[in-house]
Structures are given as structure tokens and as C-alpha cells.
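The values are calculated or read from the model by the stated rules, or taken from the named source; none is laboratory data. These numbers were taken from a predicted model, which means no experiment stands behind them. Note that we place each Cβ from the backbone using ideal geometry, even for glycine, and neighbour counts take in every protein chain shown. Heads up: the accessible areas ignore ligands, DNA and RNA and are worked out on the full protein's heavy atoms, side chains in. Shrake-Rupley method; radii C 1.70, N 1.55, O 1.52, S 1.80 Å.
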Amino acid sequence: AAFPALAWQDAIRLRTVVIDAGHGGHDPGAINKNSKLKEKDINLDLALRLGALIEKGCPDVKVVYTRKTDKFVELAEPGNIANPNHADLFISIHVNSAKSTAASGTETFVMGTDKSSSNMEVCKRENSVILLEDDYTTTYEGFDPNNPESYIIFNLMQNAHFEQSIAFAALVQQNFINNGPVKKSRGVRQAPLMVLWRTTMPSALIEVGFLSNANDRSTLNQAAKRQKIAEDIYEALHAFKQQYDSNSGFEIDASVLATDEPEEEPEPAVAPTVTP
């Protein structure tokens, strides 16, 4: 007779992925006024491409989207979607922007309390979306994305999925370095991002390039290269799933972990960030 250990093995399989296309609706995210590119549109296109790849390549994985259309999603909502769906992995897709047009490259964030100035500016920009919400001071218990003192709340949180989040983020960045159309990598970084803090599973926020950089912008404006970015993220997910399902531990490529400040700091701004 077959031993019923398979039930336990099935219980640890990666079954559900939530894909969050950052921004949306009246929150466009970063904007390039010359090309009229908007971050929210790029994020949604990449999210849908990634979801389609997962549904085809991993038919045993359920894909849940925080949005599939151009609608505004409050920062608390991705967690409200991911947690009841018992997601095994949460992926938030974004596009970066900076005051300096020289800033370029990809970077992937996991939940953490790194207080380096550049990482904090990313936090301020991404978390500032709550200012567009009604009664955000009540929803987020007085949290102010522009007040560094507010970030003390993140120091009270213990991320039980830190290792898994780092493992997935490292796979994403390694694929970007090896195969991606945006070759420069700014590494895997930690930051107190509200959209990640609200989730209770391995999670990462991926910045796929800079809308303020001409080369990155050209790449992100091409459907074929957006498809390649989606494929790189999918391949990272597929490799992560193999490690997750095998329960054999996670291999982390330390070479892609950021150890210092990036050369150019992202621009602090309340969305939208408009670049030339």
C-alpha cells in the first residue's frame, strides 16, 4: 500500500502566485513626458505577460492578479488579496525613476529595514501612493511615507519568509544579468516597503529599469524586450518553485546581493514622478 506521505509533500508545493502591477488608475507612477510612457502601463503589460507564462509553463500554479486593467489599487489591497488566497509567492512589478538621467539598471527589493539613503528614497516614492487614498491616516494607523520616524513600525516586524524572499530576488537579478535586455544590475536590496510588509509569504518588488534613463526607457518601450523581461522573471520563478517544492533548502547567489550604495540615487517624490 502506498504510504500517505504524499499528502505532506503536496502541502509544501508552490501552488499560488500573486502578481501585483504597481500603480494604476489615477496613480500613473513614473511618467516620461516626452515619450508619454507611464509606469502603470508598463507594469500591467509585464504582469499580464508574466502571468501568461506561468499559466502555460506551470499549469499546477494558480495565478492571481491584483489588477488586470487600468485601475487604482490601494497599497493595503495587494496584501488583502494575497493573504486570503494563501499565496506562496508575491511579486510586485515597478519601474524606477531618478533625477539623474544616468541612473539605470534593475534592482529587486525584499522586505527589510535597511536605512541607506537611496533605499529610503525608493521607499518614500513607492509608499507615497497612500497619499492618494481616502482616509489613509486611519487605514495605515498614522503612517506618513515622508516621515522617517514612521518607518519605526517596520522594526517591529519579523519576516518569517526572509530567506525565501532573498532567494527568489537573487534568482531574478541573476537572470537579468545573464539574459536580460537591461544588463546593469543594482542588486538585491532590503527596504521597508508597505506593499511587501502587508504580505505573509515570500515576496519581492522588482524594479525593471529607469523610465528616466534613455536606454532603459527604449528597452521598456519595446514589446519584444518586455516579453524577455517577463521571461527572465518567469525563469526565476520556475527555479524558485523547484527549490520550494523539493523542500531541500534555498541556494542564494551572494554575488547579486547589494552591499553598498548605488552610483545614482532614485529621486524622492510623491507619485507621479515626471521625467523629461
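Taking (1) open to solvent by 60 Å² or more (accessible area, probe 1.4 Å); (2) closer than 17 Å to Glu107 by Cβ; (3) not in a helix (DSSP H, G or I) in turn, Asn215 satisfies each apart from (3). Filtered by the rule that a residue be within 24 Å of Leu14 (Cβ to Cβ) and either assigned to a helix (DSSP H, G or I) or among the aliphatic types (A, V, I, L, M) (or both), region 180-190 gives a lone residue, Val188. The strands (runs of 3 or more DSSP E) falling completely within region 6-104 that include 3 or more residues that are among the aliphatic types (A, V, I, L, M) map to 16-21, 89-96.
Looking across region 195-206, just one residue is out of contact with any Asp or Glu (no Cβ under 7 Å at 6 or more places or on another chain), part of a helix (DSSP H, G or I) and either at pLDDT 95 or above or surrounded by 24 or more Cβ atoms within 10 Å (Cβ to Cβ) (or both), and that is Leu196.
Per this entry, Leu220 is counted among residues that are surrounded by 21 or more Cβ atoms within 10 Å (Cβ to Cβ), touching a Leu at 6+ places or on another chain (Cβ under 8 Å) and modelled with pLDDT of 95 or more. For residues in region 223-250 being hydroxyl-bearing (Ser, Thr, Tyr) and part of a helix (DSSP H, G or I), which is modelled with the lowest pLDDT? It comes out as Ser246. Between Gly180, Gly209, Gly187, Gly249, the distinction of being over 16 Å from the mean Cα position of the chain (by Cα) and open to solvent by less than 10 Å² (accessible area, probe 1.4 Å) belongs to Gly180 only.
Restricting attention to region 26-74, the residues that are under 23 Å from Trp197 (Cα atoms) and of a type in the set (A, V, I, L, M, F, W, C) add up to 9. Between residues in region 47-62 that are surrounded by fewer than 17 Cβ atoms within 10 Å (Cβ to Cβ) and residues that are part of a helix (DSSP H, G or I), which pairs lie under 8 Å by C-beta distance while being six or more apart or on different chains? Filtered contacts from region 47-62: Gly57/Tyr234; Gly57/His238. The set of residues from region 1-33 being surrounded by 10 or more Cβ atoms within 10 Å (Cβ to Cβ) and at pLDDT below 90 comprises Gln9, Asp10, Ile12.
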